[in-house]
Amino acid sequence: METFYEWVIDRTPFAGKEPVIPGATFVDDLEPYIERKLFTVNTGHAAAAYFGFEAGLGKISEAMADQDVAADVRAVLDETKELLVAKHGFNRDEQEAYVQKILGRFSNPHLPDTVNRVGRAPLRKLSRHERFIGPAAELAERGIVPEALLGAIAAALRFNDPADTEAVELGKILASSGADEATATITGLAPEHPLFKAVSAMVEEAKAAV
């Protein structure tokens, strides 16, 4: 059974007269909470899928039961946690509790999510402002090397499910383009961006496996 939900509401239209809604949180600015969800729930879910796929596991819960996969996912969310705390001023303990709640959700064996379903559409998930490149780029701009996120990006680049049209297209891009060209096409990063060279190295490795 899925018990996780999050309901955050912009309070500004209510002019200080917010209704009482059980389970709802009223905030002055939705953007930090939208980004927290993207960089925690979506980033973590996709990371579990790609690391789990590489480990030959079928379900997300099975991936999270694997110690190595779980450690990799946790490392990714440690990096996004640092970004969210620094950027938006989230309380560190509250963000850690949020991460723990999400990890517990991913580990629920009763949920049917498979690594193939969650991992589908890798080109979208690797795009510039999405769940991997988005936070990794911002960390790089802050002078931090996002090692765990780069590992997740590398795993996403190796997602070769023949039933997924974007995975097939990703393979074609890797096979037909140089590393820098493929990096720009897949991620939307400019060559001068501080993350570009590290991702291009991941792309070079992925090309060798195509």
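The values are calculated or read from the model by the stated rules, or taken from the named source; none is laboratory data. It should be emphasised that the depicted structure is a prediction, and the values quoted were computed from it without experimental measurement. Here the Cβ positions follow ideal geometry from the backbone for every residue, glycine too, while neighbour counts run over all protein chains shown.
Just to be sure, is GLU166 under 19 Å from ALA148 (Cβ atoms), in contact (Cβ under 8 Å) with a residue 40 or more places away in the chain and surrounded by fewer than 21 Cβ atoms within 10 Å (Cβ to Cβ)?
It is false that GLU166 is under 19 Å from ALA148 (Cβ atoms), in contact (Cβ under 8 Å) with a residue 40 or more places away in the chain and surrounded by fewer than 21 Cβ atoms within 10 Å (Cβ to Cβ).
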Original post:
Condition test on VAL8, is it loosely packed, with under 14 Cβ neighbours inside 10 Å and modelled with pLDDT under 95?
Top reply: no
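Among the residues of region 16-31, is there at least one that is part of a helix (DSSP H, G or I) and either at pLDDT 95 or above or under 20 Å from GLU130 (Cα atoms) (or both)?
yes
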Subject >> Qualifying residues in region 198-210 (those that are surrounded by 14 or more Cβ atoms within 10 Å (Cβ to Cβ) and either among the aliphatic types (A, V, I, L, M) or farther than 21 Å from PHE159 by Cα (or both)) - the one modelled with the lowest pLDDT >> reply: VAL210
Subject >> Boolean, VAL145 is among the aliphatic types (A, V, I, L, M) and either in contact (Cβ under 8 Å) with a residue 40 or more places away in the chain or outside any helix (DSSP H, G or I) (or both) >> reply: yes
Original post:
Do any residues in region 192-210 that are free of Cβ contacts under 8 Å to residues at least 60 places away in the same chain and farther than 10 Å from ALA179 by Cβ have Cβ atoms under 6 Å from those of residues that are hydrophobic (A, V, I, L, M, F, W, C) and surrounded by 19 or more Cβ atoms within 10 Å (Cβ to Cβ), where the two are at least six apart or on different chains, and which pairs are they?
Top reply: PRO194/ALA140; PHE196/LEU189; ALA198/LEU150; VAL210/LEU174
**OP:** With the checklist (1) within 13 Å of HIS45 (Cα to Cα); (2) surrounded by fewer than 17 Cβ atoms within 10 Å (Cβ to Cβ); (3) within 14 Å of the chain's Cα centre (by Cα) in hand, flag the one item ARG124 doesn't pass.
**Re:** (1)
